[in-house]
Amino acid sequence: MKPKGTNGTKTAILMAALMIGAPILAGCTGGMSGTSCGEGTTLVGKECIGYNDVSYTLKAENMAFVGVGGPIDGITNPDLPVEVGDRVTITMIMGETNLHDITVEYYNVATALLVDEGAKDSLTFIASAEGTFAYYCSVPGHRAGGMVGSLIIGTGQGPSKYVEPQIGAALDVETDNIARDPLDVPAPTGRTEAADVHVYMEAVELVAEIQDGTTFTYWTYNGTVPGPMFRARVGDTVFVHFTNLEGNTMHHNVDFHAVTGQGGGAAATEAAPGTTSVFSFKAMHPGLFVYHCATPDIPTHISKGMYGMILIEPEVALPPVDKEVYIMQGDIYTKWRPGTDGHQEFDDNAMFEENPTYVVFNGKFATFTGEGTIQAEVGETMRIYFGVGGPNTISSFHLIGEIFDNVYNMGDLVSEPMKSVQTIAVVPGGAVVVDVTFDVPANYILVDHALTRAFHKGAVGIIAVSGADDPEIINDDA
Ligand SMILES: [Cu+2]
């Protein structure tokens, strides 16, 4: 089994120690066959085989492993050939300040997770099974990002099948609810002149329930998914105060789609844990804009929850409504399907295949149902600020039982809105503003109308509208 959870490093070291101990144990006991293996030999199958020590060194940098010394020198993600029975040592040297390890599939060994440039650690194991096995970085997204190569044992033919571990126990949660309150929308600026606007953001890594009984390690802005909604006006200067909390494992930053300039602010905000940066930008275009983390592996940082939106009001504000709501859709890639109790692990392969296990509103399976149901009254007008953090899936955004009165397509607040729309496509890194008027009481159901996502993967929510019936509009007993 692959080491799990936050104590993975320690487990990995322990596992490595156990594997190093294996030949010694075999020498003492002789194993199942009754054969006694001498020093410098190990039991492979029923035979004692003298092992050779084989060592490789890999430098971890730029989302790859580069061979150091010998025939692999300078080769990116080199094949590592060894013979059956060899005692294999792989040493990782950090070529950059980041977070990396080397984990060997099937053999349950890993180096420590290292951070600092120049840091080193090794893993050692006896290559007892013939086959081709991946060595890779186990940090979420890094294998998909390119930190993977092949360890070829003997002919390379053999079991080489990675047995998927069972899910581990759910972890203690660090927040009661990862989902941002959809009613937590800042008030209209009410201004007709430009101003300086300050926004405060913290990268927070934390464990929360993705659904009842199932936990997941999220990376967030300010501890919720999505991060806060911000509001400014075209012509304003926005100051972004970005802190990557001390104790986080990863670098983070923020790329605002509302920004004109390098990376939308990603370069200016790139921050190691425990550091803060500030940059400012002029809001040159009105609209509803997504922001998201743009630290490699970018799709992983987004999938784990690092996105939100900023509304840049146009010169002529939109007509007022009774209630404003903030919802974002995201796709999450985990090893096990929804409904599996325990602690979900991020799945790099599923992400590479763009095959999410969860598709969710505000970070959580079926968020706006049960206690999370959104309440409204007959006669109310509601404006929904809806965006897709993604990273990959397009939303076919639909409200079962209603028709959108106004659709500010693509978050464009300058053109005239579209009218009377059933379903609106919202692309990853895109947004829409829709207005709806509730004419009769009902449980209106928000969905991604790619309905597998709604009913199996979690992109479903309810707006419960109470008030007087109107049989002119709908009559159950006509
Ligand atoms: Cu990030």
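Checking Phe397 against (1) under 23 Å from the mean Cα position of the chain (by Cα); (2) assigned to a helix (DSSP H, G or I), which test does it fail?
It is condition (2) that Phe397 fails.
Just the residues that are more than 15 Å from the ligand (Cβ to nearest atom) and aromatic (Phe, Trp, Tyr), please, taken from segment 214-223.
Selection gives Phe216 alone.
Test of understanding: among Ile167, Ile210, which residue is in contact (Cβ under 8 Å) with a residue 12 or more places away in the chain and closer than 29 Å to Tyr107 by Cβ?
One residue alone meets the criteria, Ile167.
Taking Val207 as meeting all but one of (1) surrounded by fewer than 21 Cβ atoms within 10 Å (Cβ to Cβ); (2) closer than 22 Å to Pro314 by Cα, write down the number of the exception.
(2)
Restricting the search to segment 224-252, which residues are within 14 Å of the ligand (Cβ to nearest atom) and either outside any strand (DSSP E or B) or more than 18 Å from the chain's Cα centre (by Cα) (or both)?
Pro226, Gly227, Phe242, Thr243, Leu245, Asn248, Thr249, Met250, His251
Could you grab the pairs with beta carbons closer than 6 Å, sequence gap of 6+ or different chains, first residue in segment 173-195 and over 12 Å from Gly223 (Cα atoms), second one of a type in the set (Phe, Trp, Tyr) and surrounded by 14 or more Cβ atoms within 10 Å (Cβ to Cβ)?
Close Cβ pairs satisfying both conditions: Pro182/Tyr326; Val185/Tyr326.
So which residues in segment 258-289 are within 13 Å of the ligand (Cβ to nearest atom) and touching a residue at least 60 places away in the same chain (Cβ under 8 Å)?
Of everything in segment 258-289, those that are within 13 Å of the ligand (Cβ to nearest atom) and touching a residue at least 60 places away in the same chain (Cβ under 8 Å) turn out to be Ala271, Ala272.
Taking only segment 290-317 into account, find how many residues are under 20 Å from the mean Cα position of the chain (by Cα) and either in a strand (DSSP E or B) or within 10 Å of the ligand (Cβ to nearest atom) (or both).
Qualifying residue count, segment 290-317: 18.
Could you tell me which numbered condition Pro428 fails, if it satisfies all but one of (1) over 30 Å from Val254 (Cβ atoms); (2) outside any strand (DSSP E or B)?
(1)
If a residue must be buried (at least 18 other Cβ atoms within 10 Å of the Cβ) and farther than 14 Å from Thr89 by Cα, how many such residues does segment 114-129 contain?
Result for segment 114-129: 1.
Every residue, every condition in (1) closer than 15 Å to Gly223 by Cα; (2) surrounded by 14 or more Cβ atoms within 10 Å (Cβ to Cβ), yes or no:
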residue	(1), (2)
Val238	no, yes
His241	no, yes
Asn244	yes, yes
Asn248	yes, yes
His252	yes, yes
His257	no, yes
Thr260	no, no
Gly264	no, yes
Glu270	no, yes
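Return only the number of the condition from (1) at pLDDT below 95; (2) assigned to a loop (DSSP other than H, G, I, E, B) that Glu402 does not satisfy.
Unmet for Glu402, out of (1) at pLDDT below 95; (2) assigned to a loop (DSSP other than H, G, I, E, B): (1).
What is the one condition in (1) small (Gly, Ala, Ser); (2) surrounded by 14 or more Cβ atoms within 10 Å (Cβ to Cβ); (3) under 22 Å from the mean Cα position of the chain (by Cα) that Gly213 does not satisfy?
Tallying (1) small (Gly, Ala, Ser); (2) surrounded by 14 or more Cβ atoms within 10 Å (Cβ to Cβ); (3) under 22 Å from the mean Cα position of the chain (by Cα), Gly213 fails exactly one: (2).
The values are calculated or read from the model by the stated rules, or taken from the named source; none is laboratory data. Because the structure is a prediction, the values reported are computed rather than measured. When we count neighbours, we look across all protein chains shown, and the Cβ atoms used for this are built from the backbone with ideal geometry, even at glycine.
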